[in-house]
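Okay, so here's the structure we're looking at.
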Amino acid sequence: MRAFFLLTGLFMWMAVGPLSAASEGEAATGKDFDVTDMIMHHIGDSYVFHIVSFRNGKGELVDVSLPLPVIVWQEGHLKVFLSSRFSGGNDLVPIGNDHLRLYHEKIYLTDAAGTLHFGADHEVLNPRPLDLSITKNVASMLLAGFLLALLMIGVGRSYSRRGGLAVPKGVQLVVEPVVLYVRDDIVNAQIDKDKAGRFMPFLLTIFFFIWFNNMLGLIPFFPGGANMSGNIAFTLTLAVFTFFASNLFGSRHYWQEILWPPGIPIYLKFLMIPIEFIGMFTKPFALMLRLFANITAGHIIVLSLTSIIFVLQSIYVAPLSILLSLMIFALELLVALLQAYIFTLLSALFIGLAVNEHH
Amino acid sequence: MEGISFTVIGLGIIILGAALGIGQIGKGAMEAMARQPEISSKIQTAMIVIAALIEGAALFAIVVAWLKG
């Protein structure tokens with residue numbers, strides 16, 4: 001019963017999170033509340049980690065946010081500074097002969113006056129420096145990596161201290177079944193026994209890393225809330241890892257299937273070879289899009305359902321809106337695990353297709 | 001009606017197709033599991049793999065619609 005109350009409380013907390021985020025959006029823009037703008041801002045990246053905004057006693061808007069380090073490389077000049085140097089809005093930071101200017105969450109190179117050139121569709125034509133900044137997403141990813149390392153090193157230590165065959169205790173009880181499930185039902189089921197061990201660290205790591213990032217993205221307040229696994233660069237990187245893991249270790253049979261498929265007439269071979277070749281790239285491409293689209297869509301739905309209150313400007317739709325976003329939040333908790341599972345399963349499947357001996 | 005582009009209609013059709021496909025897979029998997037509960041974990045894996053492939057095709061279409069529209 002206590003667990004039930006705890007869970008309900010947790011869900012309520014999660015539902016209130018985006019609510020406060022939406023009210024910030026409203027506070028910032030005044031009466032006209034732009035849903036698309038607020039949602040795009042929340043699923044996008046940022047140079048500051050926003051914590052909370054509120055109106056103080058005098059009715060002024062107070063923003064509390066954590067400035068993050070900006071790391072920029074331009075023609076041999078490396079510049080490292082905190083993003084709070086941009087806080088004035090039009091502030092410029094000199095680098096070499098150029099100046100850096102923050103405009104709509106992106107850093108551009110400008111002249112000393114900070115001039116921006118715009119194209120026909122109001123896109124900025126100014127060049128951009130090589131940006132290696134620790135943005136909100138990167139900070140969230142580093143946090144996920146840190147938590148993962150903390151958890152796994154702790155669990156690994158207790159295994160080496162107490163022996164692998166001892167009865168698991170404490171956190172081991174939580175981690176062991178998950179690791180065993182990934183090992184036995186995902187990896188060993190798809191990859192030949194004698195080769196699976198080589199890919200086990202990679203697949204276990206992506207499983208837990210994606211799961212942790214998804215869960216951190218669902219926490220609506222400060223250390224979480226970044227849309228890391230809904231960032232296409234992040235999913236692209238993971239998919240590229242899978243691409244190399246499967247193709248670099250491909251068996252002779254795998255390459256034969258692609259380059260000269262056996263057992264079909266010669267005129268079909270010329271049709272099959274391009275298809276197989278494109279298939280090499282579409283598999284990780286779909287992997288990339290699936291994670292990106294699912295997580296981003298989840299964030300958008302939760303924020304949209306919360307925004308109903310602010311679009312209709314009525315408190316009476318609040319119960320409905322909170323209930324709906326609560327349900328979607330619960331669903332997203334499942335999706336966070338499911339997408340990590342699917343990414344790992346399909347990675348294991350693609351690796352298995354490449355490395356398994358022909359039966 | 002104003003404001004509804006072909007992109008949105010196309011997205012609707014994409015979702016319709018994907019939903020039909022995944023629904024068929026779910027139906028097939030449920031029936032197979034009811035017949036042979038002892039191999040339901042294998043069926044589940046196959047079901048998710050094939051659903052993911054359909055989802056992949058739907059995602060491609062969505063991205064094309066997105067880029068075009």
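Without any contact (Cβ under 8 Å) to a residue 60 or more places away in the chain and surrounded by 18 or more Cβ atoms within 10 Å (Cβ to Cβ), is that true of B:Ile39?
Criteria not met by B:Ile39.
Checking each residue in the stretch A:81-127 for being surrounded by fewer than 16 Cβ atoms within 10 Å (Cβ to Cβ), over 20 Å from A:Phe49 (Cα atoms) and acidic (Asp, Glu) picks out A:Asp111, A:Asp121, A:Glu123. Out of everything in the stretch A:225-246 that is over 11 Å from the mean Cα position of the chain (by Cα) and buried (at least 17 other Cβ atoms within 10 Å of the Cβ), what residue ends up being nearest to A:Met288 (Cα to Cα)? Among those that are over 11 Å from the mean Cα position of the chain (by Cα) and buried (at least 17 other Cβ atoms within 10 Å of the Cβ), it is A:Ala239. Selection of the stretch A:229-284 for residues being free of Cβ contacts under 8 Å to residues at least 40 places away in the same chain and under 17 Å from B:Gly56 (Cα atoms) yields A:Ile275, A:Glu276, A:Ile278, A:Gly279, A:Met280, A:Phe281, A:Thr282.
Taking the stretch A:39-150 and the strands (runs of 3 or more DSSP E) fully enclosed by it, the elements with 2 or more residues that are more than 22 Å from A:Ala233 (Cβ to Cβ) and in contact with a strand residue (DSSP E or B) (Cβ under 9 Å, 6 or more places away or on another chain) are at A:48-55, A:61-67, A:77-82, A:92-95, A:98-103. Restricting attention to the stretch A:162-191, the residues that are modelled with pLDDT of 90 or more and of a type outside the set (A, V, I, L, M) add up to 6. Within the stretch A:329-344, no residue satisfies the criterion of being more than 15 Å from A:Ile300 (Cα to Cα), more than 13 Å from chain B (Cβ to nearest Cβ) and under 13 Å from the mean Cα position of the chain (by Cα).
Looking across A:Ser347, A:Ser325, one residue alone is within 14 Å of chain B (Cβ to nearest Cβ), hydroxyl-bearing (Ser, Thr, Tyr), touching a residue at least 24 places away in the same chain (Cβ under 8 Å) and assigned to a helix (DSSP H, G or I). It is A:Ser347. When the residues of the stretch A:333-344 are filtered to those that are of a type outside the set (Phe, Trp, Tyr) and touching a residue at least 12 places away in the same chain (Cβ under 8 Å), the one that is surrounded by the fewest Cβ atoms within 10 Å (Cβ to Cβ) is A:Leu337.
I'd like the full set of residues that are more than 14 Å from every other protein chain (Cβ to nearest Cβ), in a helix (DSSP H, G or I) and among the hydroxyl-bearing types (Ser, Thr, Tyr), limited to the stretch A:249-304. If the condition is that a residue be more than 14 Å from every other protein chain (Cβ to nearest Cβ), in a helix (DSSP H, G or I) and among the hydroxyl-bearing types (Ser, Thr, Tyr), then A:Tyr254, A:Tyr267, A:Ser304 are the ones that fit.
This table checks each residue for (1) touching a His at 6+ places or on another chain (Cβ under 9 Å); (2) within 23 Å of A:Leu287 (Cβ to Cβ); (3) modelled with pLDDT under 85; (4) within 14 Å of chain A (Cβ to nearest Cβ).
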position: B:Leu16; (1), (2), (3), (4): no, no, no, no
position: B:Met30; (1), (2), (3), (4): no, no, no, no
position: B:Ala34; (1), (2), (3), (4): no, no, no, no
position: B:Ile50; (1), (2), (3), (4): no, yes, no, yes
position: B:Val63; (1), (2), (3), (4): no, yes, yes, yes
position: B:Trp66; (1), (2), (3), (4): no, yes, yes, yes
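Quick one: would you say B:Ile54 is within 11 Å of chain A (Cβ to nearest Cβ) and without any contact (Cβ under 8 Å) to a residue 60 or more places away in the chain? Criteria met by B:Ile54. On inspection, B:Leu59 passes the criterion of being within 23 Å of A:Leu353 (Cα to Cα) and either surrounded by 11 or more Cβ atoms within 10 Å (Cβ to Cβ) or within 14 Å of chain A (Cβ to nearest Cβ) (or both).
Do we have A:Val302 as surrounded by fewer than 20 Cβ atoms within 10 Å (Cβ to Cβ), among the β-branched types (Val, Ile, Thr) and touching a residue at least 60 places away in the same chain (Cβ under 8 Å) here? So A:Val302 fails the test. For B:Glu38, the criteria (1) of a type in the set (Asp, Glu); (2) within 13 Å of chain A (Cβ to nearest Cβ); (3) over 21 Å from A:Ala286 (Cβ atoms) hold in every case but one, which is (2).
Quick one: in the stretch A:201-241, of everything that is part of a loop (DSSP other than H, G, I, E, B) and over 17 Å from A:Thr135 (Cα atoms), which residue is modelled with the lowest pLDDT? It comes out as A:Pro220.
The values are calculated or read from the model by the stated rules, or taken from the named source; none is laboratory data. Note that this is a predicted model, so its numbers are computed, not measured. Note: ideal-geometry Cβ built from the backbone for every residue, glycine included; neighbour counts use all protein chains shown.
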